[in-house]
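The values are calculated or read from the model by the stated rules, or taken from the named source; none is laboratory data. Predicted, not measured: the structure shown is a model, and the values here were computed from it. Cβ placement follows ideal geometry from the backbone for every residue including glycine, while neighbour counts extend to all protein chains displayed.
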């Protein structure tokens, strides 16, 4: 089987991906007077599984939205202290086995009806890059995903943020999805690609 070397898609995508999916939190059916949404900017197009660095996004915007009964006059009590966030993965390439969920500590204050900008926060640990199913992409494990026969694994991650308002009410964000391609890089700036089996 002939193998080709092609550049890794490491350039950032300029278009922002806005949170999608559904959450009853936007309907005001929990006690919190606010809810959070997520916007990703400058996402990497792909992540090298053999690059020993955290998977990070250059910029993530967390925006607080007031619910119907909330008023700007109560803003000081409605600022949200974010404490943690969880990333849950699922396959979008036909494979069944996805990376395990991870929870990260996070400490940032999102002002009521305002936005907090996060830079270079992690969304996958270095250890997770070496665990199933991504470990199959390493040459010593065959270099191919056994479920799809591809040398690339595509997953969708969904991020949910957790915290509380300054008045003590719990806040859970609207789940925010994004997609990422995972590849084995043969050398700096290169990824080893082969035909799908």
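Quick notes on this one:
- Test for residue 103: is it surrounded by fewer than 15 Cβ atoms within 10 Å (Cβ to Cβ) and not in a loop (DSSP other than H, G, I, E, B): yes
- Criterion applied to 96, 131 was being over 19 Å from residue 44 (Cβ atoms) and without any contact (Cβ under 8 Å) to a residue 40 or more places away in the chain, and the one residue passing it is 131.
- Taken over segment 126-165, the criterion of being assigned to a loop (DSSP other than H, G, I, E, B) and surrounded by fewer than 15 Cβ atoms within 10 Å (Cβ to Cβ) is satisfied by 126, 131, 132, 138, 142, 146, 149.
- Single match in 51, 39, 83 (criterion: more than 20 Å from residue 156 (Cβ to Cβ), surrounded by fewer than 18 Cβ atoms within 10 Å (Cβ to Cβ) and either modelled with pLDDT under 90 or touching a strand residue (DSSP E or B) at 6+ places or on another chain (Cβ under 9 Å) (or both)): 83
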